[in-house]
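Novice: Okay, here's the structure, questions in a sec.
The values are calculated or read from the model by the stated rules, or taken from the named source; none is laboratory data. Keep in mind the model is a prediction, meaning the values are calculated, not measured. With ideal geometry, Cβ positions are generated from the backbone for all residues, glycine too; neighbour counts draw on all protein chains shown. Keep in mind that these areas ignore ligands, DNA and RNA; they rest on the heavy atoms of the full protein, side chains included. Shrake-Rupley method; radii C 1.70, N 1.55, O 1.52, S 1.80 Å.
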Amino acid sequence: MDEKRWQPRKVVIVGAGAVGSTFAYALAQSGMADEISLIDHSRELTEGQVLDLAHGFPFFPTVKIYPGKKSDYANAQVIVITAGAKQRSGESRLDLLQRNAAIVEGIVFDIVNEHSQAVIVVVSNPVDVLTYVAQKKSGWARGRVIGSGTVLDSARFRYLLSQHCGIDVHNTHAYILGEHGDSEFAAWSLTNLAGMRINEYCPICRKCTDWEKEKSAIVKAVRDSAYHIIDYKGATYFAIGLALVRIVGAILRNQRSVLTVSTVLDGEYGLKDVCLSVPAIVSQVGVEGIMEASLPSKELEALSQSASVLRGAIAELRQGD
Ligand SMILES: NC(=O)c1ccc[n+]([C@@H]2O[C@H](COP(=O)([O-])OP(=O)(O)OC[C@H]3O[C@@H](n4cnc5c(N)ncnc54)[C@H](O)[C@@H]3O)[C@@H](O)[C@H]2O)c1
């Protein structure tokens, strides 16, 4: 085999905290990457995480994991940004947003400077706003700079729905759309159990007496999930780590998977110049296309409401500059 022609499947993870390190662990287990480069502001944290992970080499599928540097951006296939600042005491939400936007802009500047051909996946919160910021800063095609969006929220939704209906989560197809945050909503019109529309399944199931009430309770539980986990243990990282393996795997393997990642819209669903989650086709180029489902008016309104919330946050960020 011609060594020169072999290109490792290389993923750079920026931010080696709870989310970045858990994702590195899950990605290494998956066997989908040949190289994982871990970059963090804190050199000590990076060294510690890399050593801890490296001691798993005898148990992982073959993989290299090492402390990274900016030049790693050049030949990476995917760069995942999980870097973020923590809220300081007395700091406003806008101040924190500005600091995180500056962090993401700085990282994107370095990536572009290295003439990287990678797809960027933003995870840091607020993910939709920061993905928008990253895409604008890069000047790249919109599909090459995407956010993890509501892939995690959709997983939470599928889990809760499968528990409620008593059906395997793998047969439970359901999507949360819009903002990764309080204005997100469930696309009930796209929800099905093994192809059977949820509203057709309900009369057969007869488990609950008031399905509308149950629906609201499930969506509320999805929306509040992160708050509960953060109250219990300070941060969420296992499920997002796995959601990232799914997204990055779709890119590395050119899978054309339909995932609710966050993308800058350009007229789809009647929305322009705003970044949020709708079902998107994810392949080696990032988002290759948007699945424009014919949503009922109630769901279209919810999507447009979510877009307004996000446009407001972007406007606030610009005013604060
Ligand atoms: N999108 C989602 O679904 C989702 C889910 C969970 C967490 N998150 C977000 O992911 C982010 C990370 O969460 P966490 O729990 O890992 O936080 P963390 O504090 O454990 O890790 C963040 C890391 O970023 C590093 N960092 C800060 N600035 C940097 C820079 N300029 N370059 C490189 N590294 C830098 C810090 O040193 C720290 O190690 C947060 O913004 C969090 O809200 C998103």
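Novice: Once the Cα atoms of helix 297-319 and of the chain are each reduced to a long axis, what angle between those two axes, in degrees from 0 to 90 to the nearest 10, is obtained?
Specialist: Taking Cα atoms only, the helix is inclined about 40 degrees.
Novice: With labels modelled as points extended 7 Å from the Cα through the Cβ direction, what inter-label distance (nm, one decimal) is found for Asn192 paired with Ser297?
Specialist: Between Asn192 and Ser297, the label points sit 2.5 nm apart.
Novice: Per DSSP H run of n ≥ 4, the term is -39500 (n - 2.57); total these for the chain, divide by its residue number, and report the mean residue ellipticity at 222 nm rounded to 500 deg cm²/dmol. List each step's numbers first, then the result.
Specialist: On the way: 9 runs with 142 residues, N = 321.
Counting only the DSSP helices, I get -14500 deg cm²/dmol.
Novice: Next question. Any idea what the dipole of segment 64-140 comes to, in debye rounded to 20, about its Cα centre with Lys/Arg Cβ at +1 and Asp/Glu Cβ at -1?
Specialist: Dipole of segment 64-140, to the nearest 20 debye: 140 debye.
Novice: Separate question: If each of Arg5 and Glu44 carries a label point 7 Å out from its Cα toward its Cβ, how far apart are those two points in nm?
Specialist: Between Arg5 and Glu44, the label points sit 4.8 nm apart.
Novice: Turning to a different aspect of this structure: Using Cα-Cα distances under 8 Å and only pairs 6 or more residues apart, what relative contact order does the chain have, in percent?
Specialist: Normalised by residue count, the contact order of the chain is 18 percent.
Novice: On to the next question. As an exercise, identify the trypsin sites (Lys or Arg not before Pro) in segment 133-222 lying in DSSP coil whose Cβ has no more than 12 other Cβ atoms within 10 Å.
Specialist: Answer in residue order: Arg206, Lys207.
Novice: What whole-number value in Å² describes the accessible area per residue of the chain for a 1.4 Å probe?
Specialist: Result: 49 Å² per residue.
Novice: Taking 0.36 nm per residue of separation and subtracting the Cα-Cα distance, what length does fully extending Glu316 through Cys205 add?
Specialist: Additional length available on full extension: 35.3 nm.
Novice: Further question on the same structure: What's the carbon and sulfur percent of segment 108-171's accessible surface, probe 1.4 angstrom, rounded to a whole number? Don't skip to the end; give the middle numbers.
Specialist: Values: 1180 of 2360 Å².
Roughly 50 percent, rounded to a whole number.
Novice: Determine the gain in length on full extension of the stretch Val169-Ala102; use 0.36 nm per residue of separation and subtract their C-alpha separation, reporting nm with one decimal.
Specialist: Between Val169 and Ala102, full extension yields an extra 20.3 nm.
Novice: Something else about it: Normalised by the residues of segment 73-148, what does the relative contact order come to in percent, with Cα pairs under 8 Å and at least six apart?
Specialist: 38 percent
Novice: Run the accessible area of segment 5-89 with a 1.4 Å probe and give the carbon-and-sulfur part as a rounded percent.
Specialist: 53 percent
Novice: A further question on this structure: As a test question: what accessible area, to the nearest 10 Å², does Arg318 have when a 1.4 Å probe is rolled over all protein chains in place?
Specialist: Its accessible surface works out to 140 Å², give or take rounding.
Novice: Size of the dipole of segment 101-233 about the Cα centre, Lys and Arg at +1 and Asp and Glu at -1 on the beta carbon, nothing else charged, in debye to 20? Walk me through the intermediate numbers first.
Specialist: Details: 14 positive and 15 negative charges, 56 e Å.
The calculated dipole for segment 101-233 is roughly 260 debye.
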